[in-house]
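Read-outs throughout are calculated quantities, based only on the coordinates presented, and are distinct from any laboratory measurement. None of these values were measured; they are calculated from a predicted model. Glycine gets a Cβ as well: all are built from the backbone with ideal geometry, and neighbour counts include every protein chain shown.
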Amino acid sequence: MNSEKQILAYRMEGARLNALRGLCERENIRLTAVAPAQEGAPLALLAGQMAPAEMAYSAASLSSASASLPPVSEEMLVLSGFDSPALDRLLRQLREEDLGVSLKAVLTGVNRTWSGKMLCGELKRERRAHGA
């Protein structure tokens, strides 16, 4: 699995995307702005962390599952390749640069085959459950 620090940014545009791009350039973080048409793709595929054999299986299983899900409706960040100190630093920098995003997740073995739509729905359910 690729350990390069990277961020998948969903629904982030304009000045906020440019500010995030600047932060990523300064910190040597790869940034991928995910287009709405890519929201049904597996997270690991967008992060460049999916083996070719895994792609066909994931694409087939996600195509029907994600088609019925609503699109990502707000900004969301998926983080990969960050150790704990680097993650803490990034989160602090996001707050300091007024780039806070309520929907954030780390790419894991559990969610790597999920689509952005699936992850967004799960993060929103968690947020409602915690009363935020």
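The table below lists the values:
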{"item": "Low-density loop cleavage sites - GluC sites (Glu not before Pro) in region 1-31, where at most 14 other Cβ are within 10 Å (DSSP)", "result": "GLU4, GLU13"}
{"item": "Value at 222 nm in deg cm²/dmol, rounded to 500, when DSSP H runs of n ≥ 4 in the chain each add -39,500 (n - 2.57)", "result": "-14500 deg cm²/dmol"}
{"item": "Global size of the chain as Cα Rg and Dmax, reported in angstrom", "result": "14.4, 41"}
{"item": "Dipole of the chain, positive direction: furthest Cα of LEU20, ALA51, ALA41, with charges on the beta-carbon", "result": "ALA41"}
{"item": "Dipole magnitude of region 6-129 about its Cα centre (Cβ charges: Lys, Arg +1; Asp, Glu -1), debye to nearest 20", "result": "200"}
{"item": "Antiparallel content of DSSP bridges confined to the chain, in %, to 5", "result": "40"}
{"item": "Helix 84-96 axis, angle to the chain major axis (alpha carbon atoms, nearest 10°)", "result": "70"}
{"item": "Cβ-based charge dipole, the chain, positive-most Cα from GLN6, GLN93, SER73", "result": "SER73"}
